[in-house]
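Colleague: The structure under discussion is supplied below as structure tokens; questions concerning it will follow.
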Amino acid sequence: MNEKKKLSIGLIGSGFMGKAHVFGFATAQKVFDLPMQIDLHTVADIDDKIASRAAHEFGFRNATSNWKTMIANPEIDIIDITAPNALHKEMALAAIAAGKHVYCEKPLAGMARDAKEMADAAEALGVKTQVGFNYICNPMLGLAREMITSGELGEIRSYRGVHAEDYMAAADGPITFRHDPAGGGALADLGSHTLATAEFLLGNVRKVMGDCVTAISNRPDGKGGQQNVKVDDIGRAFLRFENGASGSIEGNWIATGRKMQHDFEIYGSKGALFFSQERFNELHFYSSADAPGRQGFRRIEASPEHAPYGKFCVAPGHQIGFNDLKAIEVSNFINAIAGQAPEQFSFRKGARIQHLVESIQESSASESWVNV
């Protein structure tokens, strides 16, 4: 048997999302018959101590505090970026210039023009890219899109999406990198997920009407003073899709009590769907064809019939988790690098989401509809 080609990973950032990516790589190699063998080569972080600790914990062979030297290493094939948002562009462009494939967390860049520059560079040099929108890797979302495409819901009339959490709900919470006016705010941070899901399910949005609200106008600056907040705490938009459907989305990081609400409702002429990330192994389906007295939303539980659930568990209803979605995302990316599948969520698609975000922000400022 021929030995699989080794694909060496260089990870930048070892925090929450860095760890999730490592789980994704480790699980993907165990669960899927990947066309390449994953090698955890080097992890880079802000100083040698943090990087060395991460290398030991995650199983990387090397550690460094200099991400530039890691990118220059000819042994490394993929640069995986989970650093703060403002650093994505510089790191990704350096990796692309070095001929590396790039896996980058969302948002791809602080501004749409930067994201476009990154997508253009990747396509010009022919490297493969992946943006971390792993919620769309859920088999239940794949099922929802299949049901929509096959016509089970009939003509799609309306859509409602929300991504709400409460990690910024405390008014005395300090300013963070997420409050950077370039690419910051709840719409960019969380609303981007709702936009990615909406277009994954229903196709392109053609027109938006936005409303971005800053509810907490000042926050501690970490130096004993206060700093004005210039980004939104809640970003909402009405949407018009190219397929004729209308809808709305919301990104909200001051939703007290919500830890992970990534929900959508879709209403068609023949039926409807409801989904919640808080119970993301379920999809609820209403069919108008059910007999009177028997109508109502029925729960579809994730099972081996919903690929690739069966790769993780042979029993229905036993559930997969957040990090498993990362593993699916990783497997899709590796298959794309091997030329066995298209890029599922490339830098071009990441740039599209940032463009939508900025269109909504523009609409909110002008209080008018904006064509996308």
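The values are calculated or read from the model by the stated rules, or taken from the named source; none is laboratory data. Note that the coordinates shown come from a computational prediction; the quantities given were computed from them, not determined experimentally. Neighbour counts run over all protein chains shown; Cβ positions are idealised from the backbone, glycine included.
Colleague: Can you tell me which condition Ala112 does not meet? The list is (1) out of contact with any Asp or Glu (no Cβ under 6 Å at 6 or more places or on another chain); (2) at negative phi, and all the others hold.
Modeller: (1)
Colleague: Can you tell me which residue is farthest from Glu146 (Cα to Cα) among those in region 265-286 that are crowded, with 16+ Cβ neighbours inside 10 Å and hydroxyl-bearing (Ser, Thr, Tyr)?
Modeller: The qualifying residue farthest from Glu146 (Cα to Cα) is Ser276.
Colleague: Only residues that are assigned to a loop (DSSP other than H, G, I, E, B) and not small (Gly, Ala, Ser): list them for region 199-218, please. Walk me through it before giving the result.
Modeller: First, the residues of region 199-218 that are assigned to a loop (DSSP other than H, G, I, E, B): 203-204, 214-217.
Passing the criteria: Asn204, Thr214, Ile216.
Colleague: Among the residues of region 202-221, write down those that are in contact with a Gly (Cβ under 9 Å, 6 or more places away or on another chain) and in contact (Cβ under 8 Å) with a residue 60 or more places away in the chain.
Modeller: Residues of region 202-221 in contact with a Gly (Cβ under 9 Å, 6 or more places away or on another chain): 202, 205, 210-214, 216, 219-220.
Matches in region 202-221: Leu202, Val205, Gly210, Asp211, Cys212.
Colleague: Among (1) surrounded by fewer than 22 Cβ atoms within 10 Å (Cβ to Cβ); (2) over 20 Å from Gly321 (Cβ atoms); (3) among the aliphatic types (A, V, I, L, M); (4) modelled with pLDDT of 95 or more, which single condition is Met1 missing?
Modeller: Met1 satisfies all of (1) surrounded by fewer than 22 Cβ atoms within 10 Å (Cβ to Cβ); (2) over 20 Å from Gly321 (Cβ atoms); (3) among the aliphatic types (A, V, I, L, M); (4) modelled with pLDDT of 95 or more except (4).
Colleague: Here's something else I'd like to know. Scan region 45-65 residue by residue and report those that are touching a helix residue (DSSP H, G or I) at 6+ places or on another chain (Cβ under 9 Å), surrounded by fewer than 17 Cβ atoms within 10 Å (Cβ to Cβ), part of a loop (DSSP other than H, G, I, E, B) and not hydroxyl-bearing (Ser, Thr, Tyr).
Modeller: Within region 45-65, the subset touching a helix residue (DSSP H, G or I) at 6+ places or on another chain (Cβ under 9 Å) is 45, 54, 57-65.
Among the residues that remain, those that are also surrounded by fewer than 17 Cβ atoms within 10 Å (Cβ to Cβ) are: 57, 59, 61, 65.
From what is left, the residues that are part of a loop (DSSP other than H, G, I, E, B) are 59, 61, 65.
Matches in region 45-65: Gly59, Arg61.
Colleague: In addition: Every residue in region 319-355 that is part of a helix (DSSP H, G or I), in contact with a strand residue (DSSP E or B) (Cβ under 6 Å, 6 or more places away or on another chain) and either of a type outside the set (A, V, I, L, M) or assigned by TED's automatic domain parsing to the domain that holds His193 (or both), please.
Modeller: Of the residues in region 319-355, the ones part of a helix (DSSP H, G or I) are 322-337, 347-355.
Okay, now just the ones that are also in contact with a strand residue (DSSP E or B) (Cβ under 6 Å, 6 or more places away or on another chain), so 333, 337, 347, 350.
Within region 319-355, Phe333, Phe347, Gly350 qualify.
Colleague: Right, next: Please go through region 84-107 and give me each residue that is modelled with pLDDT under 95 and part of a loop (DSSP other than H, G, I, E, B), ordered by number.
Modeller: Pro84, Lys106, Pro107 - these are the residues of region 84-107 that are modelled with pLDDT under 95 and part of a loop (DSSP other than H, G, I, E, B).
Colleague: Mind telling me which of the residues Ala186, Ala169 ends up being surrounded by 24 or more Cβ atoms within 10 Å (Cβ to Cβ) and either assigned by TED's automatic domain parsing to the domain that holds His262 or at pLDDT 95 or above (or both)? Reasoning before the result, please.
Modeller: Details: Ala169 fails: surrounded by 24 or more Cβ atoms within 10 Å (Cβ to Cβ).
Among Ala186, Ala169, only Ala186 is surrounded by 24 or more Cβ atoms within 10 Å (Cβ to Cβ) and either assigned by TED's automatic domain parsing to the domain that holds His262 or at pLDDT 95 or above (or both).
Colleague: Exactly one of these conditions fails for Gly350: (1) touching a Lys or Arg at 6+ places or on another chain (Cβ under 9 Å); (2) surrounded by fewer than 19 Cβ atoms within 10 Å (Cβ to Cβ); (3) closer than 28 Å to Gly126 by Cβ. Give me its number.
Modeller: (2)
Colleague: Which one of Glu117, Glu75 is touching a residue at least 12 places away in the same chain (Cβ under 8 Å) and in a helix (DSSP H, G or I)?
Modeller: Selected residue: Glu117, the only one of Glu117, Glu75 that is touching a residue at least 12 places away in the same chain (Cβ under 8 Å) and in a helix (DSSP H, G or I).
Colleague: Of the numbered conditions (1) among the β-branched types (Val, Ile, Thr); (2) over 21 Å from Ala198 (Cα atoms); (3) crowded, with 20+ Cβ neighbours inside 10 Å, Thr256 fails exactly one; give the number of that condition.
Modeller: Failed condition: (3).
Colleague: Being on the phi > 0 side of the Ramachandran plot and assigned by TED's automatic domain parsing to the domain that holds Gly310 is the requirement here; does Gly161 meet it? Steps first, please.
Modeller: Values: on the phi > 0 side of the Ramachandran plot: no; assigned by TED's automatic domain parsing to the domain that holds Gly310: yes.
No, not satisfied.
Colleague: Another one. Could you tell me whether region 297-304 includes any residue that is in contact (Cβ under 8 Å) with a residue 60 or more places away in the chain and in the same structural domain as Gly191 (by TED's automatic domain parsing)? Can you show your working first?
Modeller: In the first step, residues of region 297-304 are kept if they are in contact (Cβ under 8 Å) with a residue 60 or more places away in the chain; the result is 300, 302.
Now drop any that are not in the same structural domain as Gly191 (by TED's automatic domain parsing), which leaves 300, 302.
Yes, region 297-304 contains a residue that is in contact (Cβ under 8 Å) with a residue 60 or more places away in the chain and in the same structural domain as Gly191 (by TED's automatic domain parsing).
Colleague: Checking Thr42 against (1) within 21 Å of Asn332 (Cβ to Cβ); (2) of a type outside the set (A, V, I, L, M); (3) not in a helix (DSSP H, G or I), which single condition isn't satisfied?
Modeller: (1)
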